[in-house]
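Notes for the one structure printed next.
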Amino acid sequence: MRTSAARDLAALMTVAVLALAGCGDDGADAASGSGSGSGSGSASGASAEPSESPAESPAESPAEGSAEDDEAGNAVEVQVTISGGSTTPAGERITVEPGQTIRLTVDSDVADELHVHADPEHAFSVKAAKGQVFEFAIDTPGVYEMESHETGNQIISIQVQP
């Protein structure tokens with residue numbers, strides 16, 4: 001009887017370990033998921049990290065626009081500079097189509113967060129570094145502002161229209 005109970009306990013522990021390992025795999029897949037779709041600074045509003053190379057998308061926030069945007073050169077490029085408490089551009093309006101990739105290349109002398117007031121919202125963690133690249137897209141037509149949290153300045157106004 002004692003051997004049977006020990007065998008049952010061992011079997012139960014094996015099943016529990018396998019079940020937990022399965023849950024860990026699901027979490028790892030979800031954490032490494034693309035987060036793409038119509039809002040990846042993302043739909044959850046998570047911050048994105050800049051890419052290692054200016055030509056690559058951030059690991060936590062891949063481009064929301066399609067690969068065709070990049071291949072066809074349809075991404076709208078915006079150079080952002082944060083220096084000495086001021087930002088460039090300073091409130092300029094850009095116009096994009098719904099779902100079109102917006103690629104920000106950021107040079108900053110301070111850590112900051114860029115915030116796009118859209119639905120879903122996008123937030124990008126900026127380091128004090130040059131050549132940081134962030135990509136996102138907005139699907140819903142309208143006019144949206146992007147601001148620097150550190151300076152409080154509006155950087156661009158994004159008009160999304162078909």
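FYI, it's all coordinate maths here, none of it is from the lab. Worth saying up front: this structure is predicted, and the values here are computed from it rather than measured. Glycine also receives a Cβ, built like all others from the backbone with ideal geometry; neighbour counts cover every protein chain displayed.
Which ones in the range 136-149 are over 17 Å from PRO89 (Cα atoms) and touching a strand residue (DSSP E or B) at 6+ places or on another chain (Cβ under 7 Å)?
Across the range 136-149, the qualifying residues are PHE136, ALA137, ILE138, THR140, PRO141, GLY142.
Being free of Cβ contacts under 8 Å to residues at least 12 places away in the same chain and either basic (Lys, Arg) or out of contact with any strand residue (DSSP E or B) (no Cβ under 6 Å at 6 or more places or on another chain) (or both) narrows it down to one residue among GLY152, GLY99, GLY131; which is it?
After ruling out the rest, the residue left standing is GLY152.
Quick one: in the range 72-123, which of the residues that are of a type in the set (A, V, I, L, M) and in a loop (DSSP other than H, G, I, E, B) is surrounded by the most Cβ atoms within 10 Å (Cβ to Cβ)?
For the range 72-123, the residue satisfying everything is ALA118.
In the range 124-147, how many are within 20 Å of ALA75 (Cβ to Cβ) and part of a loop (DSSP other than H, G, I, E, B)?
Qualifying residue count for the region: 7.
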